[in-house]
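Reviewing the structure listed below.
What follows is calculated from the coordinates using simple rules that are stated; it is not laboratory data. Please read all numbers here as calculations on a predicted model, not as lab measurements.
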Amino acid sequence: MKIRISGNSIRFRLKQTEVKQFGEEGEIKEELSFGMLPADKLSFMLKAGNTSSFAISWESNQIMLQVPAALQAEWTNTDLVGFEKDIATGQGQLIRILVEKDFKCLDGSGVENEDTYSNPNQVC
C-alpha cells in the first residue's frame, strides 16, 4: 500500500493483491518501523465496517480508516478505480481521504509497477 499525506489529506493506493486481501479479509494494514518495540511503529489500516458512514481514528500510533462494507465490496469486486470522502474530525477540521487502485507508472519504473493495474492511459 502506498500512502501519500499532503496537508489534511491522505491518499491510499493499493496494488492488486492488496485490493484482493481487503475484499476477502475486510482489512489491510501497512506499517513503518522505526525500531523494535510496538510503540516504534506507525501503521495505517483500512477496515470495512457494518456502517453507512466513514470514520477515521488515531490511536496507539495507528491511523485507521473505516469504510462502509457496501463500498468496500463494490470497490474490490468491480472496475471502480477509487473513492474519496471528506471526514469531519471535530472543531471545524476535515480530512480528505482518497482510496484508489494503483496503476502502472507510464515511465516504466520496474519495482513500482509490480502487481499494479494496467494504466488506462497507456498506449500499447
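Some values worked out for this structure:
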read-out: nm² value of the averaged projected area, convex hull over the Cα atoms of the stretch 2-113; value: 8.4 nm²
read-out: Rounded if a/c under 1.5, otherwise prolate or oblate - the stretch 29-84, Cα gyration tensor axes; value: prolate
